[in-house]
Amino acid sequence: MLTPPDPASWRIALPHTTAAVPLARALIRTALADLRASADSDTAELLTAELVANAVEHTKGNDPIELVVELRPSGCQVEVHDCDPAPPGNLAGPCPAMPDPWQEHGRGLLLIRALSTAYGHRPTDAGKAVWFRLSARGA
């Protein structure tokens, strides 16, 4: 399941279930620790979990979700691919108002905006990819 096309990049298929979230967290933690990546692994885990949870919750069907991790000298980039071509909620538009503190949802994309160095989405042949970058510590 884990196949590195080159020493600093992974593409992993995850189930389209909530079980994908802890799997993705463990995979990103391992990838960053094993290569002593300089990006903040706690932040990478949190943001990866948010993107995977959004993909599971907001896309229909049983097609796998794909996690793509690229480690770079400048930090890391994480992409989550799903089968829905629709852009993700409020990631691309103006920053939304703060979510209702009593609601359980509505903070994931705000976290992506606040904690990543860069973020975005792009169409793919099978749907879309939502991504974030984290700079190396001290960069």
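Worth pointing out:
- Close pairs (9 angstrom Cβ cut-off, 6 or more residues apart or separate chains): part of a strand (DSSP E or B) and surrounded by 15 or more Cβ atoms within 10 Å (Cβ to Cβ) in region 69-86, of a type in the set (Lys, Arg) and modelled with pLDDT under 90 anywhere: 75/137
- Residue 47 vs. criteria modelled with pLDDT of 90 or more and in contact with a Phe, Trp or Tyr (Cβ under 8 Å, 6 or more places away or on another chain): yes
- Within region 56-65, the set of residues being free of Cβ contacts under 8 Å to residues at least 60 places away in the same chain and either open to solvent by 20 Å² or more (accessible area, probe 1.4 Å) or farther than 18 Å from residue 44 by Cβ (or both) comprises 56, 57, 58, 60, 61, 62, 64.
The values are calculated or read from the model by the stated rules, or taken from the named source; none is laboratory data. Note that the structure is predicted; figures quoted are calculated from it, not measured. Counting neighbours? That spans all protein chains shown, and the Cβs are built from the backbone with ideal geometry, glycine included. We work out accessible area using only protein heavy atoms, side chains counted, and drop any ligands, DNA or RNA first. Shrake-Rupley method; radii C 1.70, N 1.55, O 1.52, S 1.80 Å.
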